[in-house]
Amino acid sequence: MAGRHFDEWQVGDRIVHELRRTVTETDNLLFTTMTHNPQPLHLDAEAAKASEFGQILVNGTFSFALMIGLSVGDTTMGTLIANLGYDKLVMPKPVFIGDTLRCETEVTDLKESRSRPEAGIVTFTHRLLNQRDEIVCQCLRMALLKKRSA
C-alpha cells in the first residue's frame, strides 16, 4: 500500500479506496472535544434531538480528516513532499453516528513544479461517501509529490 510518484499519475486516474470506517460515538466525542468545538449538535443529545436532524451530527472536520486519511495509503504515502492546500470543500449531506464511510479519488490536474525539478503538483478530487452512496464530503487537494525520475 504505497503512494505513487508524480510521474506515475495521469489526469483521470481513479481510485476506490478499500479502507472503510464506521463512525462511532467515541470518534465524534473525542475529535470534537480534542479540537475544542463546543457545538451542541455534536455533543448534546437533547439539543441534537430538538434540531431538524433529530440526532447527533458527526463533526464535519472529522469527516474531512477521515476522507484525507482514507486516501493517503493509495495516493501520497511515501511520495509526499507537502500538501499545498485544500479547495472547494463541501459537505452536502450530514454524517451520523453509525454511518459507514468510504473514499474515492480522481486526479484532476498535473503540473510540473517550477521551483523543484524533482517534483510536481497533483490535484486530487476526494469524495467521501456513506453507505447509501451519498457524497457527504468532497474537496480538491493539491499535493507536491516526488518524481520517480528527476
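Structural remarks
- Scope segment 16-32; condition of a type outside the set (A, V, I, L, M) and either open to solvent by less than 50 Å² (accessible area, probe 1.4 Å) or under 15 Å from Ile97 (Cβ atoms) (or both); matching residues: His17, Arg21, Thr22, Thr24, Glu25, Thr26, Asp27, Asn28, Phe31, Thr32
- Residues of segment 116-142 that turn out to be free of Cβ contacts under 8 Å to residues at least 24 places away in the same chain and under 19 Å from Val72 (Cα atoms), as a count: 2
- Residue match in segment 130-148 (condition: open to solvent by 40 Å² or more (accessible area, probe 1.4 Å), at pLDDT below 95 and under 30 Å from Asp7 (Cα atoms)): yes
- Test: residue in segment 61-84 that is aromatic (Phe, Trp, Tyr), in a loop (DSSP other than H, G, I, E, B), surrounded by 13 or more Cβ atoms within 10 Å (Cβ to Cβ) and under 20 Å from the mean Cα position of the chain (by Cα): no
- Note on segment 95-115: among residues that are touching a strand residue (DSSP E or B) at 6+ places or on another chain (Cβ under 7 Å) and free of Cβ contacts under 8 Å to residues at least 40 places away in the same chain, the one that is surrounded by the most Cβ atoms within 10 Å (Cβ to Cβ) is Ser113.
- Near pairs, Cβ below 6 angstrom, 6+ apart or cross-chain, from segment 1-29 (closer than 30 Å to Ser113 by Cα) to any residue that is of a type in the set (Lys, Arg) and open to solvent by 80 Å² or more (accessible area, probe 1.4 Å): His5/Lys146; His5/Arg148; Asp7/Arg148
The values are calculated or read from the model by the stated rules, or taken from the named source; none is laboratory data. Not measured: the values here are computed from a predicted model. Cβ sites come from the backbone with ideal geometry, for glycine too, and all protein chains shown count toward neighbours. Remember, those area values only see protein heavy atoms, side chains included, never the ligands or the DNA or RNA. Shrake-Rupley method; radii C 1.70, N 1.55, O 1.52, S 1.80 Å.
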